[in-house]
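Novice: One structure, pasted below without further comment.
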Amino acid sequence: QVQLVESGGGLVQAGGSLRLSCAASGSTVSTYAMGWFRQAPGKDREFVAGINWSAGSTVYADSVKGRFTISRDNAKNTVYLQMNILKPEDTAVYYCAREKAPYYSVSNNRYAYDRWGQGTQVTVSS
């Protein structure tokens, strides 16, 4: 019955930065891999970044490598996405998600995740 709530989205100019937060409640997510996905209008939901349960492994989409950083603070039951050098093509609704079972390797497949937040809008202007 874990609930995920994203925050930190907003409007930013190209080249700027935003930090998204995903706060989990109702149950700990400390033993689960977590991921960030995004969905732009007219496009499928796509993987952005993922982190395993111990934070020892991270995976990024090619489009965000070197610009975005995923991290987690299990003591706070929270996952973060630091987004730097933002581009207009980063504009999307960003979703936080938890994998279906604990101790799995981080996946870039949306169907590996079974708990989703409501999303937070990120808009990057040129």
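Novice: Any residue at all in the range 12-22 that's modelled with pLDDT of 95 or more and within 21 Å of residue 111 (Cα to Cα)? Steps first, please.
Specialist: Here is the first cut: in the range 12-22, the ones modelled with pLDDT of 95 or more are 12-22.
Now restrict to residues that are within 21 Å of residue 111 (Cα to Cα): 22.
Yes, that holds for at least one residue.
Novice: Just wondering, is there one or more residues in the range 6-14 that are closer than 19 Å to residue 99 by Cα and surrounded by 14 or more Cβ atoms within 10 Å (Cβ to Cβ)?
Specialist: So in the range 6-14, the residues closer than 19 Å to residue 99 by Cα come out as 6.
So of that shortlist, the ones also surrounded by 14 or more Cβ atoms within 10 Å (Cβ to Cβ) come out as 6.
Scanning the range 6-14 turns up at least one residue that is closer than 19 Å to residue 99 by Cα and surrounded by 14 or more Cβ atoms within 10 Å (Cβ to Cβ).
Novice: Under 9 Å by Cβ, and 6 or more places apart or on different chains, what pairs join a residue from the range 91-110 that is without any contact (Cβ under 8 Å) to a residue 24 or more places away in the chain with one that is of a type in the set (Lys, Arg)?
Specialist: 100/115
Novice: I'm checking my understanding of the structure. Among residues of the range 41-54 that are at pLDDT below 95 and over 13 Å from residue 91 (Cα atoms), which one is nearest to the chain's Cα centre (by Cα)?
Specialist: Result: 52.
Novice: Another question, if that's okay. Going through the range 41-59 one residue at a time, which ones are surrounded by 12 or more Cβ atoms within 10 Å (Cβ to Cβ), more than 20 Å from residue 4 (Cα to Cα) and small (Gly, Ala, Ser)?
Specialist: Hit for the range 41-59 is 57, nothing else.
Novice: Out of the residues in the range 69-126 meeting the condition of being open to solvent by 50 Å² or more (accessible area, probe 1.4 Å), assigned to a loop (DSSP other than H, G, I, E, B) and of a type in the set (Ser, Thr, Tyr), tell me which one is modelled with the highest pLDDT.
Specialist: Only one residue tops the list, namely 126.
Novice: Additional query: Restricting attention to the range 28-40, which residues are open to solvent by less than 50 Å² (accessible area, probe 1.4 Å) and either at pLDDT below 95 or not small (Gly, Ala, Ser) (or both)? Show your work before the answer.
Specialist: Residues of the range 28-40 open to solvent by less than 50 Å² (accessible area, probe 1.4 Å): 29-38, 40.
Listed by number, the residues that qualify are 29, 30, 31, 32, 34, 36, 37, 38.
Novice: Would you say residue 57 is within 15 Å of the chain's Cα centre (by Cα), at pLDDT 95 or above and of a type outside the set (Phe, Trp, Tyr)? Full working, then the answer.
Specialist: Values: within 15 Å of the chain's Cα centre (by Cα): yes; at pLDDT 95 or above: no; of a type outside the set (Phe, Trp, Tyr): yes.
Taking the combined requirement at face value, the residue does not satisfy it.
The values are calculated or read from the model by the stated rules, or taken from the named source; none is laboratory data. Owing to the predicted nature of the structure, the values given are computational and were not obtained by experimental measurement. Backbone-built Cβ (ideal geometry, glycine too); neighbour counts: all protein chains shown. Protein only, heavy atoms only, side chains kept; ligands, DNA and RNA dropped before computing areas. Shrake-Rupley method; radii C 1.70, N 1.55, O 1.52, S 1.80 Å.
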